[in-house]
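To start, the structure under review is shown below, and the notes come after it.
The values are calculated or read from the model by the stated rules, or taken from the named source; none is laboratory data. Please read all numbers here as calculations on a predicted model, not as lab measurements. FYI the Cβ positions are ideal-geometry reconstructions off the backbone, even for glycines, and counts take in every protein chain you see. Surface areas here come from the heavy atoms of the whole protein model, side chains and all, with no ligands, DNA or RNA. Shrake-Rupley method; radii C 1.70, N 1.55, O 1.52, S 1.80 Å.
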Amino acid sequence: MPTDEADSILATLLSLVDDYVDARFTPQEFCPGESAVAVSGKVFDAEELKCGIQAVLDGWWTSGRFALSFEKQLARFLGARHVILTNSGSSANLVALMALTSPKLGERRLCPGDEVITVATSFPTTVNPIIQAGLVPVFLDAEIGTYNICISKLEEAVGPRTRAVMLAHTLGNPFNLEVVVAFCKKHELWLIEDMCDALGSTYDGTLVGSFGDLSTISFYPAHHITMGEGGAVVTNSPVLKRLVESFRDWGRDCWCEPGEDDTCGKRFSQTFGTLPPNYDHKYVYSHIGYNLKLTDMQAAIGLAQLSKLPGFIESRRSNFSYLRGLLADLDQWFVLPRPTPKANPSWFGFPLTILPDAPFSRSSLIAYLEERKIATRLLFSSNILAQPAYANIEHRVVGDLKNASLIATNTFWLGIYPGISVEALDFVAQTLHEFISASCAQETPPRATMDLPPKLRGGDLSKGTRG
């Protein structure tokens with residue numbers, strides 16, 4: 001088909017997408033107690049669908065022009081040299097950690113039995129690569145309120161085989177990067193920042209993801225931008241970039257992009273190991289790797305999302321501030337979330353920890369919220385060593401894990417993602433106050449079948465503002 005004709009047909013198809021989105025995804029009015037209040041979700045418009053359609057119609061489908069464009073634009077946003085896309089944030093964690101096991105790093109490589117410091121309240125796939133690589137996780141407790149690692153135990157955690165630190169910025173709240181970075185430099189440790197929940201968060205005015213040797217991002221629908229599935233590794237090191245790409249791309253030694261050949265100009269003129277001389281470099285494998293690439297359709301959707309990222313970040317911060325203002329008077333019963341000093345989080349969720357002397361349990365409160373279609377989530381693994389899968393792993397614990405145990409019984413979080421409305425946040429606050437009032441009066445909270453209270457009136461509970 002001639003190019004002009006194909007372009008004309010494409011333009012017609014794309015023009016119909018706006019009409020489809022208007023018909024298919026019309027926003028619904030929020031109805032308290034009937035409309036679902038989600039903890040997270042994707043926010044998109046016709047642009048994502050148009051980009052995805054163009055990628056499909058390209059007929060390329062594996063990583064291609066959209067992936068290359070996304071990597072460059074995200075690197076520019078982060079102020080980083082290299083972004084390497086993967087098929088998920090968990091895969092990004094895996095290849096970031098595995099890159100540090102490469103023999104090409106010489107004496108700095110991580111070897112089986114080496115230790116990696118992390119926090120006991122981690123999401124599983126922040127810890128799993130450590131275990132899968134034959135390394136030993138060293139668990140520290142978390143702080144209540146920030147939900148990040150207790151930095152006071154870092155020096156105590158160092159042992160003769162400690163080689164790295166791998167930590168997430170919990171629910172978008174950066175951990176104390178000043179202390180952790182100085183600690184890693186002092187002891188010559190690798191630092192991997194898991195910023196899957198924290199894209200757009202800053203510490204001391206600098207975006208997270210730029211402090212560690214490697215950092216990771218997730219593009220799952222719950223996160224700050226989405227490709228449906230997807231992830232990325234970020235680094236400023238050309239050496240680490242090559243290693244991440246190798247582990248992501250079957251372990252191959254070649255660095256040609258898909259569809260390219262002989263980028264190095266030496267494809268058939270090198271010798272590797274005991275392979276025959278002049279062996280095709282495209283089929284030389286220097287690592288035991290995986291295939292963790294993503295598709296160009298995912299990257300195309302991500303490109304449209306990336307243009308919306310600054311607005312998403314602002315919405316998350318605004319929603320957090322607004323809800324915290326509404327709940328400020330409940331600090332007698334909850335530990336309200338607080339940012340790490342010097343941090344400006346791009347919040348992923350709104351965590352609450354019920355104080356031990358509260359006259360109600362987490363299970364009763366969550367049941368009450370869920371009956372009113374207000375979704376909740378627990379803080380990931382809470383205490384990961386209490387999880388069945390980790391009962392027999394080799395590990396070391398520094399100090400006690402009393403906060404992790406409290407998080408396991410008393411902590412949950414609520415949604416503040418960009419798709420949530422002011423009316424929904426008002427209803428969340430109203431419902432929490434309603435439950436607390438009934439619990440403090442030693443009354444059974446009203447059942448979901450009873451009439452809901454009147455809609456929250458401006459000024460009744462509002463102590464915050466929303467931009």
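Values as computed for the structure displayed
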read-out	value
Exposure ranking of Met98, Met166, Met297 by accessible area [1.4 Å probe, largest first]	Met297, Met98, Met166
Over 25 Å (Cα to Cα) - which of Lys153/Lys241; Lys50/Lys72; Lys186/Lys342; Lys241/Lys266 fall in this group	Lys153/Lys241
Ranking by accessible area, most exposed first, for Asp204, Asp197, Asp213 with a 1.4 Å probe	Asp204, Asp213, Asp197
Cα long-axis angle, helix 296-306 against the chain (0 to 90 degrees, to the nearest 10)	50
Anchor Lys282: aspartates and glutamates whose Cα lies under 20 Å away (excluding residues fewer than 8 positions away in-chain)	Glu245, Asp249, Asp253, Glu257, Glu260, Asp261, Asp262
Enclosed volume per residue, in Å³, of the convex hull spanned by Cα atoms of region 124-181	91
Per residue value of the accessible surface for region 233-310 (all protein chains in place, 1.4 Å probe), Å²	48
Pairwise centroid distance, computed over Cα atoms, of region 180-241 with region 255-309, Å	22
Whether region 33-177 is rounded, prolate or oblate, judged on the alpha carbon gyration tensor where a/c under 1.5 counts as rounded	oblate
Order of exposure, largest accessible area first, which applies to Cys31, Cys254 with probe 1.4 Å	Cys31, Cys254
Correct option for Rg/Rh (Cα atoms, Kirkwood Rh) [calculated from the coordinates] among [x] 1.60; [y] 1.01; [z] 0.97	[y]
Net charge contributed by nearby residues that have their C-beta within less than 11 Å of Phe123 (K/R +1, D/E -1)	-2
Size of electric dipole in region 332-449: Cβ of Lys, Arg +1 and of Asp, Glu -1, about Cα centre, debye, nearest 20	300
Region 325-382, accessible area per residue, ligands and nucleic acids excluded (1.4 Å, Å²)	38
Rounded to whole Hz, the Karplus (6.51, -1.76, 1.60) HN-Hα couplings of region 334-351, x for glycine and proline	10, 7, 7, x, 9, x, 4, x, 6, 9, 10, x, 9, 4, 8, x, 10, x
For region 153-265: rounded, prolate or oblate by the Cα gyration tensor [a/c cutoff 1.5]	oblate
Per-residue [θ]222 nm for the chain (sum of -39500 (n - 2.57) over DSSP H runs n ≥ 4, rounded to 500)	-11000 deg cm²/dmol
Dipole axis of region 1-73 (+1 Lys, Arg; -1 Asp, Glu on Cβ), positive-most option in Phe25, Val37, Leu10	Val37
Alpha carbon centroid spacing (whole Å) that separates region 12-28 from region 370-435	36
Environment charge of Gly89, counting only residues whose C-beta is closer than 11 Å and scoring Lys/Arg +1, Asp/Glu -1	-3
Amide H contacts under 5 Å for Val136, placed H, 5+ residues apart	Gly113, Asp114, Glu115, Val116
Degrees between helix 177-187 axis and first principal axis of the chain (Cα, 0 to 90, nearest 10)	40
Rounded, prolate or oblate (a/c below 1.5 giving rounded, otherwise prolate when a/b exceeds b/c) for region 1-102 by Cα gyration tensor	oblate
Unit charges on C-beta of K, R, D, E only; dipole of the chain, Debye	1060
Total formal charge among the other residues, if their Cβ is under 14 angstrom from that of Leu110, Lys/Arg +1 and Asp/Glu -1	0
Heavy atoms of Tyr283: accessible area, 1.4 Å probe, square angstrom to 10	130
Whole-percent carbon and sulfur share, accessible surface of the chain, 1.4 Å	53
Per residue accessible area of region 128-184, 1.4 Å probe, in Å²	28
